[in-house]
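Accompanying notes for the structure given below.
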Amino acid sequence: MAGGDDSWRPLAPRLLIPTWVVIGLFSLLPVILMAVYSFLTKEFRGGVIWDFTLAAYDQFFIDRGLFGDEPARLEWTYINIFGRSLLQAAICTALCLVVGFPTAWFIATRPARTRAVWLFLITIPYWVNLLIRTVSLKFLIRDNGPLNEALMSIGLTSGPLPLVNTNLAVQLGLFYSYLPFMVLPIYAAVERYNFALSEAAADLYASRWTTLREIVLPVVKPGIIAGCILVFVPALGAFLAPDLLGGAKTFMIGSLIEEQFKGSQGNWPFGAAVSMILLTLVLIALIFYARTAAREGAR
Amino acid sequence: MTTAIDIRSVVKTFGEFTALHGVSLDIADNAFFTLLGPSGCGKTTLLRLIAGFEAVTAGEIRLFGEDIARLEPNRRPVNTVFQHYALFPHMSVIDNVAFGLKMQGLDLSGRRARAGKMLEMVHLSAFADRLPSQLSGGQQQRVALARALAPAPKVLLLDEPLSALDLKLRQAMRVELKQLQEDTGITFIFVTHDQEEALTMSDRIAVMSAGQVQQIGTAQEIYEAPSNRFVADFIGETNLLEVDVHQVHEGRATLTLPGGHRLSCPSALVAPGRHSLSIRPERVTISDSAELSAADLSATVERVVYLGSDLQVLTRLADDTAFTIRLQNAARTEVPSPGAQIGLHLEEGAARLLAD
Ligand SMILES: Nc1ncnc2c1ncn2[C@@H]1O[C@H](COP(=O)(O)OP(=O)(O)OP(=O)(O)O)[C@@H](O)[C@H]1O
Ligand SMILES: [Mg+2]
């Protein structure tokens with residue numbers, strides 16, 4: 001605006017204050033609290049004693065035997081839980097991508113009016129609490145639930161398939177919970193995609209498959225990456241699906257953390273330490289991604 | 001001369017709507033052919049049928065004698081310069097230009113060499129490593145051109161490629177495009193709704209309206225001998241008068257002008273009767289009221305509009321029809337003043353009878 005009123009300009013930094021307050025209160029402060037708590041001593045029946053110690057991290061990484069008198073070895077229990085969680089989250093992300101991309105593509109290529117209907121259908125389940133939906137899923141797949149009854153009645157299986165308490169059930173729960181987080185960002189990217197680019201590629205002798213690989217995927221990549229992050233990160237820390245659909249053998253990080261803060265069995269410093277380790281892992285992954293993206297962008 | 005593209009009675013419908021009603025065109029090899037018509041007349045549709053992005057509803061499209069109606073776009077030796085360029089945003093300029101070559105299976109060094117040559121041709125060598133978003137509109141337009149020309153197609157389709165550019169650049173690009181077409185010997189099919197663009201560049205022009213071809217001919221034929229009212233009105237400025245044709249004999253017609261003067265002019269018409277007469281504004285000379293009896297028409301001056309190189313004189317005939325005249329803005333031109341009675345004299349060939 002040439003010659004416009006610029007008198008508000010000195011105010012601009014002050015206008016940011018609410019944002020900083022919100023970020024500080026709800027983002028920074030909890031992380032700092034968590035970091036501090038992870039170095040405190042646990043109190044039985046929950047809570048902490050203000051005594052700084054590395055006990056929580058020691059418990060996570062180091063095994064000194066049942067009575068704590070053996071030579072220190074690497075503790076595998078929790079690392080295994082992390083490994084399983086990473087694997088489950090990775091599989092969940094891949095599944096969501098394989099199913100979510102065609103879905104998003106389908107919706108984005110409908111006429112504008114029907115598009116809204118499809119999007120609405122995708123979001124409808126989210127009007128119901130995740131806990132209730134996960135419990136319902138358990139009812140669907142349990143031994144005498146509708147799925148197994150149907151399979152048996154059409155003679156596909158003779159007995160019920162043991163689905164509940166398996167990694168498969170947990171994966172199903174994760175996939176079901178996070179699929180829309182993949183569909184929506186990819187949809188947004190495909191919706192903005194200029195289909196003249198596909199025509200230009202076909203015009204220059206590219207087959208459909210080549211067009212998808214060389215033009216479509218690179219152009220909608222930001223949407224795909226956003227979807228992957230939005231699915232992977234919460235799936236890694238999920239606790240509802242592993243809690244309700246899994247068992248001891250399918251234990252994931254989310255459940256481990258949750259347990260530390262629940263009831264008198266809890267161990268707050270340990271829960272905080274596990275959270276910090278998870279946070280560090282996610283941050284490293286994101287920084288690594290941001291670096292590669294920046295390098296590609298500069299190319 | 002060989003025929004590059006032979007379009008025979010092509011019909012295209014979108015649901016209920018018919019976009020092309022039986023279009024037939026014969027486009028010679030190595031020609032600069034223009035499809036000219038107002039917005040929505042079906043130019044882009046016809047181009048998309050040739051490129052293969054849409055399927056014909058009925059009719060045939062032959063490319064050097066071969067029916068291509070059922071060929072996928074990626075199998076047609078035809079390339080397109082899209083109206084909004086459609087450059088691949090994630091690829092550098094040189095990768096864009098080399099894309100078609102890569103798809104044709106040319107090796108990396110061959111691609112680089114050819115794409116480099118193409119960029120040189122459009123004066124963009126210095127921009128090879130930029131992304132399309134880092135170029136101006138005119139530069140993007142030239143990248144699109146280089147990209148489409150790189151695989152050496154037999155026919156190049158251009159859909160209003162200059163419409164997004166400013167006037168100066170557009171005028172410069174007209175000359176460059178024409179030059180490029182002559183240098184490469186590739187058949188260009190150029191779509192535009194800008195008649196000046198069509199007239200200055202084309203070997204032949206097809207004037208389209210409402211999904212039909214109205215007239216095909218050279219720029220001169222279309223301007224000087226429009227075959228119907230639509231073409232006369234669409235190409236350049238014209239005055240359309242309703243006249244009585246008494247007699248048609250050996251390609252000449254005798255008619256009465258409003259005001260009673262008789263005129264004989266060339267005509268393709270056969271039947272006498274009431275018809276439209278087209279008179280180009282720049283083919284009329286004026287005289288003052290003293291010579292009214294010798295003039296073909298008499299008129300009252302309403303306004304004189306200054307156009308720089310020209311003057312536009314807006315007049316009204318005795319029967320209240322508006323009539324426009326163009327005069328060159330030369331030192332010796334006598335400019336009539338508003339309200340004056342003037343006589344209008346039609347130069348030989350100024351008037352043309354139209355079949356509607
Ligand atoms: N996919 C489609 N579905 C329905 N109608 C269409 C479709 N494509 C084009 N049309 C219609 O066909 C007619 C011709 O369209 P076309 O795009 O060929 O016009 P054009 O001559 O290129 O116009 P412009 O100069 O504005 O680009 C228009 O009336 C348009 O609405
Ligand atoms: Mg068009």
At R0 = 22 Å the Cβ-Cβ FRET efficiency linking residue B:332 and residue B:261, nearest 0.05, sits at 0.25
To the nearest 10 degrees, how steeply does helix B:167-184 sit against the main Cα axis of chain B, on a 0 to 90 scale?
-> 60 degrees
So what is the relative contact order of chain A, in percent, for Cα pairs below 8 Å that sit 6 or more residues apart?
-> 27 percent
Between residue A:91 and residue B:69, the FRET efficiency computed from the C-beta separation at R0 = 35 Å comes out, to the nearest 0.05, as 0.15
Listed with the fewest Cβ neighbours within 10 Å leading, B:287, A:255 appear as B:287, A:255
Let me have the 222 nm mean residue ellipticity of the protein assembly as shown computed from DSSP H runs of 4+ only, each contributing -39500 (n - 2.57), with the sum over all residues rounded to the nearest 500.
-> -13500 deg cm²/dmol
Expressed as a whole number of Å, what is the distance separating the alpha-carbon centroids of the stretch A:214-264 and the stretch B:184-229?
-> 63 Å
Hey, which of these cross-link pairs are over 25 Å Cα-Cα: B:43/B:102; B:102/B:154; B:117/B:178?
-> B:43/B:102
Modelled label reach - residue A:143, point 7 Å along Cα→Cβ, the stretch A:158-176 residues with backbone N closer than 14 Å = A:159-166
Length-normalised contact order for the stretch A:96-235 - Cα pairs under 8 Å, 6+ apart - percent | 32 percent
What's the extension gain from residue A:112 to residue A:136 if we count 0.36 nm per residue and subtract their Cα-Cα distance?
-> 5.3 nm
Once label points are set 7 Å from the Cα along Cα→Cβ at both residue B:107 and residue A:98, what is their separation, rounded to one decimal in nm?
-> 3.8 nm
Footprinting exposure proxy for A:120, B:230 (fewest neighbouring C-beta atoms within 10 Å first) | A:120, B:230
Exposure proxy check: B:194, A:69, B:67 ranked by fewest other beta carbons within 10 Å?
-> A:69, B:67, B:194
Each label point is 7 Å from the Cα along the Cα-to-Cβ direction; what then is the distance between the points at residue B:184 and residue B:196, in nm?
-> 2.6 nm
Please give, to one decimal in nm, the separation of the simple spin-label points placed at residue A:15 and residue A:264, each 7 Å out from Cα toward the Cβ.
-> 5.6 nm
Before anything else, pin down the relative contact order of the stretch A:166-299: Cα pairs under 8 Å, at least 6 apart, normalised by residue count, whole percent.
-> 26 percent
Hey, can you list the DSSP H helices of chain A whose Cα span along the axis is 27 Å or longer and whose average Kyte-Doolittle score is at least -1.0?
-> A:77-108, A:167-192, A:217-237, A:268-298
For the stretch B:14-47 and the stretch B:123-157, distance of Cα centres in Å = 25 Å
Span from the the stretch A:152-213 Cα centroid across to the the stretch A:19-68 one, whole angstrom = 39 Å
Cross-link reach list, lysines versus residue A:262, counting only Cα pairs under 24 Å and skipping chain neighbours closer than eight places = A:42, A:138, A:249
What is the calculated FRET efficiency for residue B:18 to residue A:165, with r their C-beta to C-beta distance and R₀ = 60 Å, to the nearest 0.05?
-> 0.40
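Laboratory data are not the source of any read-out in this text; all were calculated from the coordinates shown. Predicted model only: the values in this text are computed from it and were never measured. When we count neighbours, we look across all protein chains shown, and the Cβ atoms used for this are built from the backbone with ideal geometry, even at glycine.
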